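Visitor: Here's a structure for you.
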Amino acid sequence: MRRRSLLLAAPAGLLALAGCGDGSSDKADTGDSSPSSPAPQDSAKTVDGPLPAITAGTAFGEKPTVAKGPGKPSADLAVKTVVEGSGPRVAKGDVLQFDYLGQIWDSAKVFDNSYDRGVPLTMAIGVGQLIPGWDQALPGKRVGSRVELAIPPALGYGTQGNAQAGIKGTDTLVFVVDIRDTFSGKSSAKGKAVPQDDAALPKVGTDTDGKAPSIEVPKGAAPKKLVAEYILEGDGEAVKPTDKLLLQYKGVLWDGGKEFDSSYKSGELAQFPLANLIKGWQQGLAGKKVGSRVMLVVPPELGYGDKASGDIPANSTLVFSLDILAKL
């Protein structure tokens with residue numbers, strides 16, 4: 001399990017484990033599994049400084065070294081784009097993937113950073129999952145940007161501060177944020193198309209426009225064993241059985257091709273621990289690369305077996321298209 005992030009907007013400044021849920025359903029959980037958040041705040045005034053200098057690690061993706069704050073900080077939210085990216089703009093409600101370093105204005109004491117962990121954080125922005133200064137400052141910024149923030153207490157941890165991190169209720173916080181990617185209900189896998197040559201298997205669409213891909217099920221008998229094939233092969237990290245994933249997915253019945261579940265219809269990305277899902281997903285997605293679209297054909301014993309579940313009859317073979325967007 002990875003280290004707790006100090007960015008989460010948990011009650012009374014308490015920390016919660018980033019990207020960790022305890023979903024109990026064998027179907028994809030598209031709900032919000034984040035910790036409780038403080039009440040939304042009115043939009044604060046944003047200014048462009050003052051901000052401390054970045055003295056080393058100045059390139060996007062490098063761990064920065066940041067000087068002590070120059071004099072008295074602004075009482076407003078200070079935001080500066082240090083490196084302008086060329087990717088899509090972040091929108092409120094997107095799931096943002098980023099690296100960051102946070103320190104205290106007066107002392108330059110670093111209290112948290114993702115660079116040393118080697119794993120970017122992936123969290124929703126603008127919906128109260130992160131501290132209010134982030135929720136206000138980052139929507140509208142482009143992927144590939146490095147942004148520096150100076151966040152007054154009211155937009156950070158409030159008057160209670162965060163004792164575990166050594167943050168007092170009067171501390172202004174300085175962050176450097178590298179925006180690596182952003183995901184929404186219109187996101188798709190970005191991998192390279194792989195030939196689909198087996199006529200006995202379903203054919204899955206390769207469109208990447210954020211719309212649900214087509215799934216054409218053949219008329220023959222369903223495979224007796226699990227099938228897990230790349231449709232679009234990405235170049236990200238391999239999925240581990242213990243990972244929590246950010247996905248787009250669509251499921252249809254082998255018999256008749258009727259759709260029974262889809263993240264595309266809700267417009268919300270699915271976020272869940274792989275270990276909590278049906279065995280066909282656990283076995284079929286483990287080892288597959290982030291950024292890929294994967295087709296799974298799941299026999300009944302690795303799905304819902306001899307029990308019906310919603311629109312899925314008992315003893316059904318299931319066909320899924322899954323876009324593995326990110327690890328959480």
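Visitor: Using only the Cα atoms of the chain, what semi-axes does the equivalent ellipsoid have when each is the square root of 5 times a gyration tensor eigenvalue? Give whole Å, largest first.
Guide: They are 42, 19, 16 Å, listed from largest to smallest.
Visitor: Kindly write out, for region 143-152 in residue order, the coupling ³J(HN,Hα) from the Karplus curve 6.51 cos²θ - 1.76 cosθ + 1.60 (θ = phi - 60°), rounded to whole Hz, with x marking Gly and Pro.
Guide: For region 143-152, the Karplus curve yields 4, x, 8, 10, 10, 10, 10, 10, 10, x Hz.
Visitor: Taking only DSSP H segments of four or more residues, each worth -39500 (n - 2.57), what value at 222 nm results for the chain once the sum is divided by all its residues, to the nearest 500 deg cm²/dmol?
Guide: It lands at -1000 deg cm²/dmol.
Visitor: Just the projected area, averaged over all directions, of the convex hull on the alpha carbon atoms of region 275-328: how many nm²?
Guide: Averaging across all directions leaves 3.9 nm² for the Cα convex hull.
Visitor: Give the calculated FRET efficiency between residue 86 and residue 58 to the nearest 0.05, with a Förster radius of 22 Å applied to their Cβ-Cβ distance.
Guide: The pair residue 86/residue 58 has a calculated efficiency of 0.75.
Visitor: Ok, one more. Suppose all protein chains stay in the model; what accessible area per residue would a 1.4 Å probe give for region 87-142, in Å²?
Guide: 32
Visitor: Note down, for region 76-221, the three equivalent ellipsoid semi-axes (square root of 5 times each alpha carbon gyration tensor eigenvalue), biggest first, whole angstrom.
Guide: The three semi-axes for region 76-221 are 41, 15, 14 Å.
Visitor: Pairs 258/327; 141/327; 240/327: which are spaced more than 19 Å apart, C-alpha to C-alpha?
Guide: Among 258/327; 141/327; 240/327, the Cα-Cα distance tops 19 Å for 258/327; 141/327.
Visitor: When ligands, DNA and RNA are left out and all protein chains stay put, how many square angstrom of accessible area per residue does region 214-319 have with a 1.4 Å probe?
Guide: Spelled out: the 1.4 Å probe surface of region 214-319, per residue, equals 45 Å².
Visitor: If you don't mind, there's one more thing I want to ask. How high is the relative contact order of the chain, given as a whole-number percent (alpha carbon pairs under 8 Å, six or more residues apart)?
Guide: In percent, rounded to a whole number, it is 17.
Visitor: Taking 0.36 nm per residue of separation and subtracting the Cα-Cα distance, what length does fully extending residue 170 through residue 315 add?
Guide: 46.1 nm
Visitor: Determine the relative contact order of region 222-328: mean sequence separation of Cα pairs under 8 Å and six or more apart, normalised by residue count, in whole percent.
Guide: 39
Visitor: Cut-off under 13 Å on the C-alpha distance; same-chain residues fewer than 8 positions from residue 80 excluded. Which aspartates and glutamates are left, in chain and number order?
Guide: 48, 148, 178
The values are calculated or read from the model by the stated rules, or taken from the named source; none is laboratory data. If you're wondering where the values come from, they're calculated on a predicted model, not measured in any experiment. Counting neighbours? That spans all protein chains shown, and the Cβs are built from the backbone with ideal geometry, glycine included. In case anyone asks, the SASA skips ligands and DNA or RNA and just uses the protein heavy atoms, side chains included. Shrake-Rupley method; radii C 1.70, N 1.55, O 1.52, S 1.80 Å.
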